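The values are calculated or read from the model by the stated rules, or taken from the named source; none is laboratory data. Because the structure is a prediction, the values reported are computed rather than measured. We place every Cβ from the backbone using ideal geometry, glycine too, and count neighbours over all the protein chains shown. Surface areas here come from the heavy atoms of the whole protein model, side chains and all, with no ligands, DNA or RNA. Shrake-Rupley method; radii C 1.70, N 1.55, O 1.52, S 1.80 Å.
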Amino acid sequence: MSDISTRIRNAQKRINDGRRQVTSQLGSIQQRVSSSKFGEQVGTAQAKVAGAVPAALRGGNLSRTQKLQLAGIGSVSAAVLVCGIAIPATSGSGSASQSVAASEPAAYSSLTGGNTQAKELHASITNQQAGASEQAKAAEAKIKAAQEAKAAETKKKAQATKDRATKQAASRNAERKAVKSYPNNLDGWIRESLAIMKAKGIPGSYEGLHRNIMRESSGNTRAINLWDINAQNGIPSKGLLQVIQPTFEHWHVAGTSNDIYDPVANITAAANYAAERYGSMDNVNSAY
């Protein structure tokens, strides 16, 4: 992108430099045309013409009309000298006309030479402008193509991000749907506990859990023993499987509630403890 911008600036600089050169050349030409030197060249040419036909102008036998004609010839000859116009010789003008036509064309040559240079310079600038215009168009086309490519890439990335977000959302929805819900009762608590125990590798069966729960608390999640030895020691047994607080905290299963009265947390912690001490809650048939 920066290379294209540099090329455009360089082309514009060349065009501006060319314009300044044309303006300078044209100004110089106009100054030379309007200068007093041009007038001096005309005067010199007229003097040469006068020197070529003095006798004719002084002749007393010429009519007024003839003298005026000769004067006109002199003026034209002066113009020929200044401008460098070639006039074919005639029998009436003789050697004087030939001398006038062959005299100095320096001023005109200088002017026409300058004009030719100006035209050539103008043509060169025009060509440069055309080339710069083509370069600018090509640069603009490249910039536009780059912008369109960038926009397409941005759109593609945005679409990919959107698709990824949609896929992740669908995956989360699928995961939520995959999570099985359980009824909020003893049957549901036991079944949910068994699912967690299976994932954690803790042995136990529905029958073993249900049997011990019924013996320990009769299914009362808020059951608490305030008379046994644990209660006397200040750490009463609590919950469905009558677990004391230190045992619950030590054998707590990650992912379950930290509340000892939570039915699932209480069952899984007790089953985890029984698996370590008795091999499984299924092997427990009395206070443990």
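Residue 219 falls short on exactly one of the conditions (1) at negative phi; (2) surrounded by 13 or more Cβ atoms within 10 Å (Cβ to Cβ); (3) in a loop (DSSP other than H, G, I, E, B), and that condition is (1).
Considering each of 213, 224 in turn, give the residue that is open to solvent by 50 Å² or more (accessible area, probe 1.4 Å) and at pLDDT 95 or above. Answer to the selection: 224. For the stretch 243-271, a tally of residues being surrounded by 23 or more Cβ atoms within 10 Å (Cβ to Cβ) and polar (S, T, N, Q) returns 2.
Residues of the stretch 125-163 that are more than 30 Å from residue 16 (Cβ to Cβ) and either exposed (fewer than 10 other Cβ atoms within 10 Å of the Cβ) or among the β-branched types (Val, Ile, Thr) (or both): 154, 161.
Where helices (runs of 4 or more DSSP H) fall entirely within the stretch 227-284, those with at least 3 residues that are hydrophobic (A, V, I, L, M, F, W, C) are at 263-278. One residue stands out among those in the stretch 164-193 that are at pLDDT 90 or above, open to solvent by less than 80 Å² (accessible area, probe 1.4 Å) and not aromatic (Phe, Trp, Tyr): the one that is nearest to residue 208 (Cα to Cα), which is 190.
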